[in-house]
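Some notes on the structure that comes next.
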Amino acid sequence: QVQLAESGGGLVQAGGSLRLSCAASGTFFSINTMGWYRQAPGKQRELVAAISSGGTTNYADSAKGRFTISRDNAKNTVYLQIDSLKPEDTALYYCNIKYCSTSRCYVEYDRWGQGTQVTVSS
């Protein structure tokens, strides 16, 4: 079973920075896409940023310029650097991976972390 360990969330003042980490462990052949989503109370979960195994990145419009996603394939870890935090960034941030369990990827599996809380005060 694949597990995701998230860390780095917390309480920070507006304008500050945080670096979220998500490490994957367990049984898998390869991790294809790694990403970060967030969900604020009363809102739908939304994509923040994603990165492919080859390093191609995709950002939500609201995240461009302030968010940086990266990954360390050797450590099976994805990071999200958040700068110039705003109160509207307050949300539960979820790590997500899409992976194959075998070399012959009949289906791409999806795994979510439990979430790490980011709270930004004004």
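The values are calculated or read from the model by the stated rules, or taken from the named source; none is laboratory data. For clarity, every value in this text was computed on a predicted model and none was experimentally measured. With ideal geometry, Cβ positions are generated from the backbone for all residues, glycine too; neighbour counts draw on all protein chains shown. In case anyone asks, the SASA skips ligands and DNA or RNA and just uses the protein heavy atoms, side chains included. Shrake-Rupley method; radii C 1.70, N 1.55, O 1.52, S 1.80 Å.
Applying a 10 Å radius around every beta-carbon, put 27-37, 51-61 in order of their mean neighbour count, most first. Show your work: numbers first, answer last.
On the way: 27-37: 18.6, 51-61: 13.0.
Descending mean neighbour count gives 27-37, 51-61.
Can you give me the convex hull volume of the Cα atoms of the chain, divided per residue and expressed in Å³? Walk me through the numbers before you get to the answer.
Numbers: hull volume 12.2 nm³, N = 122.
Spelled out: Cα convex hull of the chain, divided by residues, is 100 Å³.
Under 20 °C and 1.002 mPa s, how fast does segment 43-104 diffuse according to Stokes-Einstein, given a Kirkwood radius computed over C-alpha pairs? Answer in µm²/s, whole number. Can you show the working numbers first?
Details: Rh = 13.1 Å.
In µm²/s, the coefficient is 163.
Might you tell me the accessible area per residue for the chain, computed with a 1.4 Å probe and given in Å²? Before the final figure, lay out each step's value.
On the way: 6600 Å² over 122 residues.
Counting only protein heavy atoms, the per-residue value for the chain is 54 Å².
Rounded to the nearest percent, how much of the accessible area of the chain (1.4 Å probe, protein heavy atoms only) is carbon and sulfur? Mind showing how you got there, number by number?
Values: 3020 of 6600 Å².
Exposed carbon and sulfur together represent 46 percent of the surface.
Report D for segment 9-57 in µm² per second (integer): Stokes-Einstein, Kirkwood Rh on Cα pairs, 25 °C, 0.890 mPa s.
In µm²/s, the coefficient rounds to 182.
Using a simple spin-label model with points 7 Å from Cα along the Cα→Cβ vector, what separation in nm is obtained for ASP61 and THR119?
It is 3.1 nm.
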